[in-house]
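S.K.: Below you will find the structure I want to go over with you.
The values are calculated or read from the model by the stated rules, or taken from the named source; none is laboratory data. Not measured: the values here are computed from a predicted model. Note: ideal-geometry Cβ built from the backbone for every residue, glycine included; neighbour counts use all protein chains shown.
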Amino acid sequence: MEYPYLFDMNVDPSRTISQSDDIDVARANAMQFSLGLPSPIRAGDRLLPFFHQLYFWDPKSPTALGRDGHPKVGGLVPDMGLPRRMWAGGRLQFEAPILTGVPAVRTSCCEKALYKEGRTGPLAFVTLRHEVWQNDAQCLTEWQDLVYREDPDLSAPRPYSVAADTDEEECIEVSFDTTMLFRYSALTFNGHRIHYDLDYAKSVEGYDGLVVHGPLLAQHLMLMAENSLGELKEFSFRATSPLMHFEKATLCRKGRKFWVRGPDGRLCMTATT
């Protein structure tokens, strides 16, 4: 879908911020146990794909947070006057293993920020680029796509959801609860209230329940991909419909294509490797 009245915010991709982290093995193991993975990680082991989300925290004081619990925009992400933030998707290139217990550095920049007028109101599309370096070698490049939009009209009809394919070669059923969402929010230092504040999620952002993190769904798909196809070189994913905490989901694979199917058959996420 193309939207009219597009303009570029003229961000400067050369403006970067850097964060360092020791890649603590205990945090990786906390994620292992939260996901129900059997083998503990030891110092010096390769970090599983997307586990870098557990690191490079950027804590802010309460006064520096927005109403949704995320840091206020206006720094790396320009302020375009739209209150709702969603992680729409991303792309990753894996260059070398990230090792636990070895200091690493992540550099981040805002690669682009676009403002469009859509059928339901204004939309802002922001792409952040992150690079993770360890032992003077680049291990990972990640592009993170964010969408900002206005508050929903709670009386308006719900948007149409696309039906997911049903011709998968492999599938795994997964479920989420409030404990899992809490643990993932804590481990990734994600303060977004849609994942733990039910009243906010329903009355402000218009969801039917707590929202399962898009990156958590992507994490499951990446683990499925690695188990099926071997160590990943690249992975891209796109969120298409939110999944609620009370809903079971089906992780699907056909060849190198992956997707998440909701309990009503709707498509929640697509991915390729």
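S.K.: Right, residue 101: within 25 Å of residue 61 (Cα to Cα), in contact (Cβ under 8 Å) with a residue 24 or more places away in the chain and not in a strand (DSSP E or B) or not?
M.R.: Spelling it out, it is not the case that residue 101 is within 25 Å of residue 61 (Cα to Cα), in contact (Cβ under 8 Å) with a residue 24 or more places away in the chain and not in a strand (DSSP E or B).
S.K.: Scan the stretch 85-111 residue by residue and report those that are within 20 Å of the chain's Cα centre (by Cα), buried (at least 17 other Cβ atoms within 10 Å of the Cβ) and either at positive phi or not hydrophobic (A, V, I, L, M, F, W, C) (or both).
M.R.: 85, 89, 90, 91, 106, 108
S.K.: While we're looking at this one, here's another question. Take the residues of the stretch 173-195 that are surrounded by fewer than 16 Cβ atoms within 10 Å (Cβ to Cβ) and among the aromatic types (Phe, Trp, Tyr): which is farthest from residue 146 (Cα to Cα)?
M.R.: Across the stretch 173-195, the extreme among qualifying residues is 182.
S.K.: Conditions: (1) over 17 Å from residue 160 (Cβ atoms); (2) touching a Ser or Thr at 6+ places or on another chain (Cβ under 7 Å). Residue 211 meets all but one. Number of the miss?
M.R.: Residue 211 satisfies all of (1) over 17 Å from residue 160 (Cβ atoms); (2) touching a Ser or Thr at 6+ places or on another chain (Cβ under 7 Å) except (2).
S.K.: Taking the stretch 15-34 on its own, how many of its residues are at pLDDT 95 or above, more than 16 Å from residue 104 (Cβ to Cβ) and not in a helix (DSSP H, G or I)?
M.R.: Total meeting the criteria: 0.
S.K.: Scanning the stretch 221-266 for residues that are among the aliphatic types (A, V, I, L, M) and in a helix (DSSP H, G or I), which turns out surrounded by the fewest Cβ atoms within 10 Å (Cβ to Cβ)?
M.R.: The residue in question is 229.
S.K.: So, one more: Among the candidates 149, 119, single out the residue that is surrounded by 14 or more Cβ atoms within 10 Å (Cβ to Cβ) and at pLDDT below 95. First the steps, then the outcome.
M.R.: Values: 119 fails: surrounded by 14 or more Cβ atoms within 10 Å (Cβ to Cβ).
Going through 149, 119 in turn, the sole match is 149.
S.K.: Any residue at all in the stretch 153-167 that's outside any helix (DSSP H, G or I), crowded, with 18+ Cβ neighbours inside 10 Å and modelled with pLDDT of 95 or more? Break it down into steps so the answer makes sense when it comes.
M.R.: Going residue by residue through the stretch 153-167, those that are outside any helix (DSSP H, G or I) are 153-167.
Then keep just the ones that are crowded, with 18+ Cβ neighbours inside 10 Å; that gives 164.
Among the residues that remain, those that are also modelled with pLDDT of 95 or more are: 164.
Yes - at least one qualifying residue is present in the stretch 153-167.
S.K.: Further, regarding this structure: Just need a number here: residues in the stretch 196-213 that are assigned to a helix (DSSP H, G or I) and crowded, with 22+ Cβ neighbours inside 10 Å.
M.R.: 1
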